[in-house]
Amino acid sequence: MPVFSLKVISLISYPPFFFSQPQTWSTIATNISVGLFGFIFAICQALVIFRYLSFWWWTLATSFGWFMFLNVGEGWKNYILNSALAQSLSPNEMVRLGILSTIAYNLAAVWLGVLQWLVIRPKVIRAWGWIFLPSGAFFSISLFIWFVSLLQEFIPEVNRTQILYLSGQGLTAVILGILPAIALCNCKIHTQGIPKISHSSSEGRSDQG
């Protein structure tokens, strides 16, 4: 039997429930995409720091932290905005609630910071500051995107949407890469976490010098 016929039969055999719940499928697809992005993001960081921290623990903590952050942040943001839409508010009040929803969304990144902190805590002195690092990164992203939006009148209207989108994505990637890197470089590692240099390697370096 041809492959496409098997696919058609498998689709027909599914219960009608799967096709009558678009909201459910949208939620599932969103969660899968969020989880996949979080996993890729975690792997990229773990590949850099695996010599100092557990590769798999960092990947697991970052993946779950990213998933929790986005779901909690979206929940807070939607609650605030839906509450605003349910009332007859002035434009200024809507702007204030929009700012409040952004703050709530960024604060939710503490979940990501807490789970990553659990991994680095045994090896880094005074690692508690890492809990608030992701929130600080996303606050920085929000400020940069707001600043870019102020300059949109100077961008040609034909390419405005693409430029704003690409600049926002680019700034997000740069900030999410630079701030954790700076923080990691400034971490003070416990003595037992520092790799020991063998006597032979020290002699080899002295001979070369």
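The values are calculated or read from the model by the stated rules, or taken from the named source; none is laboratory data. Here the structure is a predicted model, which is why all the values come from computation and not from measurement. Because the Cβ atoms are built from the backbone with ideal geometry, glycine has one as well, and the counts that use them run over all protein chains shown.
Surrounded by 12 or more Cβ atoms within 10 Å (Cβ to Cβ), out of contact with any strand residue (DSSP E or B) (no Cβ under 9 Å at 6 or more places or on another chain), aliphatic (A, V, I, L, M) and modelled with pLDDT under 85: is that true of LEU115 in this structure?
no
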Worksheet item: Scanning for something of a type in the set (Gly, Ala, Ser), under 18 Å from the mean Cα position of the chain (by Cα), modelled with pLDDT of 90 or more and closer than 26 Å to LYS188 by Cβ, does segment 95-108 turn up at least one residue?
Response: no
Worksheet entry | Subset of segment 156-201 that is part of a loop (DSSP other than H, G, I, E, B) and of a type in the set (Val, Ile, Thr) - its residue that is modelled with the lowest pLDDT | ILE197
Practice prompt. Tally the residues that are polar (S, T, N, Q) and either within 10 Å of ALA109 (Cα to Cα) or assigned to a loop (DSSP other than H, G, I, E, B) (or both), restricting the search to segment 126-155.
Written response: 1
Practice prompt. Kindly list the number of the only condition in (1) surrounded by 20 or more Cβ atoms within 10 Å (Cβ to Cβ); (2) within 20 Å of GLY136 (Cα to Cα); (3) more than 12 Å from the chain's Cα centre (by Cα) that fails for LYS77.
Written response: (1)
